[in-house]
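A.B. asks: Please find one structure pasted underneath; my questions will follow.
The values are calculated or read from the model by the stated rules, or taken from the named source; none is laboratory data. Just so it is clear, the structure is predicted and the values come from calculations on it, not from any experiment. Note that each Cβ is placed from the backbone with ideal geometry, even for glycine, and that neighbours are counted across all protein chains shown.
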Amino acid sequence: MRLIKVDHIINFKLLGHGDDPLDTKKCHIDLNALRAREDAAIRRAEIEAERIGAGVTTEAQSIFDALSKTLPVRWESTVIVVLNEVRVSSPYKPENVVGGAGAANERVKKVLELERKRMQHGRQ
């Protein structure tokens, strides 16, 4: 479709009528496919909502987001749970990491350190 200013039109000629794109006799709507798309969209929205911490600071959410890029994480109230075993409590620093196997615990601490350094550089 092109839009043309009326003052640029010198003349026009009607060549014929095309098919009506809104003809309901020729339309087919697959309700099952629409419901499946709706269900998938709702599931995606619910998953995204679970990734947002309730009652946490922007900094805490940034740390959660950074951890989620490389590790499975979830919120448990205001505590970040990583790998279903490592817990990170406010103020979300390496010394606030508890639980989990040694390697998992150290990995979470390392990611926290790197994210805090990145956040500090962003403020300067």
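This table checks each residue for (1) free of Cβ contacts under 8 Å to residues at least 40 places away in the same chain; (2) exposed (fewer than 12 other Cβ atoms within 10 Å of the Cβ).
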residue: ALA33; (1), (2): yes, yes
residue: ARG43; (1), (2): yes, yes
residue: ALA49; (1), (2): yes, yes
residue: GLU59; (1), (2): no, no
residue: LEU83; (1), (2): yes, no
residue: SER89; (1), (2): yes, no
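A.B. asks: What number of residues within region 79-124 are of a type in the set (Lys, Arg) and in contact with a strand residue (DSSP E or B) (Cβ under 9 Å, 6 or more places away or on another chain)?
C.D. replies: So the answer is 3.
A.B. asks: Another question about this same structure. Could you tell me how many of the residues in region 77-124 are in contact with a Lys or Arg (Cβ under 8 Å, 6 or more places away or on another chain), at pLDDT 90 or above and among the charged types (D, E, K, R)?
C.D. replies: Looking only at that region, the number is 1.
A.B. asks: Among the listed residues GLY55, GLY16, which satisfies the condition of being under 27 Å from the mean Cα position of the chain (by Cα) and on the phi > 0 side of the Ramachandran plot?
C.D. replies: GLY55
A.B. asks: May I ask you to list the residues in region 29-55 that are among the small types (Gly, Ala, Ser) and touching a strand residue (DSSP E or B) at 6+ places or on another chain (Cβ under 9 Å)?
C.D. replies: GLY53, ALA54
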